[in-house]
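What follows is a set of notes on a single structure, which appears directly below.
The values are calculated or read from the model by the stated rules, or taken from the named source; none is laboratory data. Remember, predicted model here, so these are calculated numbers, not experimental data. We place every Cβ from the backbone using ideal geometry, glycine too, and count neighbours over all the protein chains shown. Keep in mind that these areas ignore ligands, DNA and RNA; they rest on the heavy atoms of the full protein, side chains included. Shrake-Rupley method; radii C 1.70, N 1.55, O 1.52, S 1.80 Å.
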Amino acid sequence: MIDLAKHTRMANAIRALAMDAVERANSGHPGLPMGMADVATVLFTKYLKFDPADPTWPDRDRFVLSAGHGSMLLYSLLYLSGYQAMTIDEIKNFRKLHSKTPGHPENFVTPGVETTTGPLGQGVATSVGMALAERMLAAEFGEDVVSHHTFVLCSDGDLMEGVSQEAVALAGHLRLNKLIFLFDNNGISIDGPLTLSDSVDQVARFKAAGWNATNVDGQDPQQVDAAIADALQSERPTLIACKTTIGFGAPTKAGTSKAHGEALGANEIAGARKNLEWPSPPFEIPADILSDWREAGKRGRPQRDAWTKRFAASPKKAEFERRLARKRPAELGKVFAALKDKLVADKPTIATRKASELVLDVVVPAMPELVIGSADLTPSNNTKTKDALDVRPGMYGGHYIHYGIREHGMAAAMNGIAIHGGLQPAGATFLVFTDYARPAMRIAALAGFPVIYIMTHDSIGLGEDGPTHQPVEHLAALRAMPHMRVFRPADAVETAECWQLALDRINGPTVLALTRQNLAPSRTTSSPANLCATGAYEISPAADKASATIFASGSEVELAIKAQALLKDRNISARVVSVPSLELFLEQPEEARKAIIGNAPIKLAVEAAVRFGWDAIIGPDGLFVGMKSFGASAPYKDVYAYFGITPEAVADAIAKRHNG
Ligand SMILES: Cc1ncc(C[n+]2csc(CCOP(=O)(O)OP(=O)(O)O)c2C)c(N)n1
Ligand SMILES: [Mg+2]
């Protein structure tokens with residue numbers, strides 16, 4: 001049984017810290033922390049398996065605050081339960097530069113914050129990946145090493161966002177029974193009561209998706225307690241819809257949208273102090289209450305000690321530690337070297353999506369942490385290797401995930417898999433549908449999650465499916481995203497090199513843009529060095545002093561080399577630079593960049609996409625052969641000819657400038 005008086009005082013400590021921190025910052029969201037304080041107190045004092053002394057203990061329960069605007073709830077919990085980094089000064093510095101208490105939770109800033117949230121729906125969808133990673137690792141390493149729950153606090157907004165539908169459906173299908181949502185069912189959002197815009201029965205909705213779902217009074221700790229206890233026994237993921245009052249305790253603003261996202265004001269806060277019987281001044285927690293919280297924070301220590309003992313005895317300890325450290329298998333370098341040698345010898349004319357499959361054929365057996373999947377385009381993305389086993393409901397021993405037609409859910413789940421630790425996710429769809437995944441990709445870039453996106457059908461070169469499926473602006477859009485790395489390899493050898501760079505990148509996400517159509521090999525001599533590592537390199541030198549440099553990426557490298565030959569026939573000497581990663585190249589030191597750009601007077605870039613971004617290499621006066629509009633539906637050679645992306649067009653443009 002819960003000691004109600006003690007519980008209430010502990011919950012009120014959260015409410016006080018939240019309203020006072022928001023007041024001091026004069027910005028933030030007091031309503032959610034005040035409404036969900038009871039639920040959070042029950043979870044953190046009775047159920048959550050965690051130890052503030054070791055925020056990264058691998059088998060801790062994960063707690064995701066999906067409704068990131070309620071960040072003061074999380075910061076209060078971290079402070080009260082005794083995370084060393086979360087001092088009372090950090091609470092006072094809420095939303096200030098360089099504080100550990102930014103406006104929305106950032107896992108790369110604050111120990112104890114599991115993932116970065118704020119865009120509604122992201123936390124919900126990320127948590128599905130965390131819960132799936134937990135089950136997959138338990139299947140591989142045993143429940144002695146991995147066995148924890150994933151708790152999510154979500155709001156009305158989280159559940160209204162479309163991505164929640166993808167996430168909820170996937171979790172229900174996969175029967176992720178250790179995933180538990182605590183839904184802040186307060187019926188209020190920014191514009192006012194939810195009745196303005198929504199009438200979904202969330203409990204019925206979750207049940208329809210294969211969840212266990214129930215309603216409780218979120219202000220009644222006994223009901224919350226009983227519901228969580230039930231959820232722990234469930235064979236399905238569980239939604240606990242907690243009816244709460246937003247801004248609980250605030251005399252006039254409680255239960256209204258006025259409590260959502262602004263400082264309550266001195267009068268309202270004075271009234272709340274009275275209602276909550278909380279006479280302490282701001283940021284002062286009575287010693288007995290703080291002590292009760294710190295005791296609650298020590299609950300997990302014996303569990304962690306027991307785990308440490310079990311882990312020490314595990315025969316798989318070294319492998320698990322390697323995984324968590326994101327150290328790649330020692331033999332991976334050799335695997336890639338052998339593959340590159342073979343590709344140089346074989347000189348296959350294949351699509352880079354097919355080359356990617358050849359990479360996976362040799363990398364998958366060497367890299368047990370690799371978890372590959374596709375959003376229902378497995379045969380088109382070439383992502384499934386011969387022996388790959390599916391992840392199935394209740395059976396998590398496989399490493400291939402059929403995400404369904406859920407690009408956004410896939411990308412967010414991959415964030416969760418990556419941040420959980422122990423597994424390396426790579427997921428696929430068509431490049432054009434990065435638009436459907438972009439909000440989760442942005443979180444990966446911001447938070448530095450090593451997620452790999454296998455994005456095939458990378459240009460008009462996909463042909464007959466037409467302009468709805470032909471990316472035109474996507475490369476530019478992805479390159480514009482800070483910390484996102486985009487590779488567009490030109491042939492099989494470059495595909496291997498770009499894959500290797502993607503796997504080596506453990507602090508950020510990588511897009512591999514791959515063709516549907518076959519490409520002739522452009523890299524025909526062996527080079528032990530990874531030439532793609534600097535983003536660009538000379539792939540075909542000029543016969544003598546170059547008058548022109550042709551920069552190209554992916555499928556257009558072959559075309560550029562053909563143009564180089566045409567120009568030679570016209571006595572114009574040109575060199576070709578392959579640019580597998582424009583933004584990686586632009587990150588190189590100036591001298592290195594200058595050396596590769598060279599000083600041939602004419603610069604031309606060719607890429608079957610928009611020009612945006614290329615001026616950084618070719619300058620505003622540079623020539624560009626590419627797309628200015630959406631594409632067209634036809635066999636791909638006809639589409640290339642129609643849009644004038646041909647060796648002849650490249651050669652003509654250079655000859656004209658040269659002779660003009
Ligand atoms: C994707 C996205 N859209 C919009 C917002 C801005 N926003 C923050 S909270 C919120 C809705 C608030 O309603 P609810 O989720 O129920 O939270 P509560 O007010 O109950 O705390 C909105 C629209 C956001 N954070 N993310
Ligand atoms: Mg709400």
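Okay, here's what the table says:
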read-out: Any pair with Cβ under 8 angstrom, 6 or more apart, that starts in segment 77-92 at a residue that is in a helix (DSSP H, G or I) and ends at one that is basic (Lys, Arg); value: LEU80/ARG294; SER81/ARG294; GLU90/LYS100; LYS92/ARG24
read-out: Qualifying positions in segment 533-551 - part of a loop (DSSP other than H, G, I, E, B) and within 19 Å of ALA616 (Cβ to Cβ); value: GLY535, ALA536
read-out: Qualifying residue in segment 142-161 (condition: of a type outside the set (Lys, Arg), under 16 Å from ALA444 (Cβ atoms), open to solvent by less than 10 Å² (accessible area, probe 1.4 Å) and out of contact with any Pro (no Cβ under 6 Å at 6 or more places or on another chain)); value: no
read-out: Residue match in segment 285-304 (condition: assigned to a loop (DSSP other than H, G, I, E, B) and either hydroxyl-bearing (Ser, Thr, Tyr) or touching a His at 6+ places or on another chain (Cβ under 8 Å) (or both)); value: no
read-out: Contacts under 7 angstrom Cβ, first residue in segment 1-18 being in a loop (DSSP other than H, G, I, E, B), partner polar (S, T, N, Q), 6 or more apart; value: ILE2/GLN222
read-out: Check on THR110, within 16 Å of ligand 2 (Cβ to nearest atom) and either under 27 Å from GLY82 (Cβ atoms) or assigned to a loop (DSSP other than H, G, I, E, B) (or both); value: no
read-out: Total residues in segment 207-232, condition closer than 20 Å to LEU32 by Cβ and away from ligand 1 (no atom under 16 Å from the Cβ); value: 9
read-out: Count of segment 285-340 residues which are open to solvent by 20 Å² or more (accessible area, probe 1.4 Å), touching a Leu at 6+ places or on another chain (Cβ under 9 Å) and not charged (D, E, K, R); value: 2
read-out: Segment 485-514 residues that are under 18 Å from LEU586 (Cβ atoms) and in a helix (DSSP H, G or I), paired with ones that are open to solvent by 10 Å² or more (accessible area, probe 1.4 Å) and not basic (Lys, Arg) (beta carbon under 8 Å, 6 or more apart); value: LEU501/ASN530; LEU501/ALA533
read-out: Qualifying positions in segment 128-164 - within 16 Å of ligand 1 (Cβ to nearest atom), touching a residue at least 60 places away in the same chain (Cβ under 8 Å) and either touching a Cys at 6+ places or on another chain (Cβ under 7 Å) or of a type outside the set (A, V, I, L, M, F, W, C) (or both); value: SER155, GLY157, ASP158, GLY162
read-out: Scope segment 23-40; condition more than 12 Å from ligand 1 (Cβ to nearest atom) and closer than 20 Å to PRO279 by Cα; matching residues; value: GLU23, ARG24, ALA37, ASP38
read-out: Within segment 183-202, tally of residues that are in a loop (DSSP other than H, G, I, E, B) and either within 10 Å of ligand 1 (Cβ to nearest atom) or of a type in the set (Ser, Thr, Tyr) (or both); value: 7
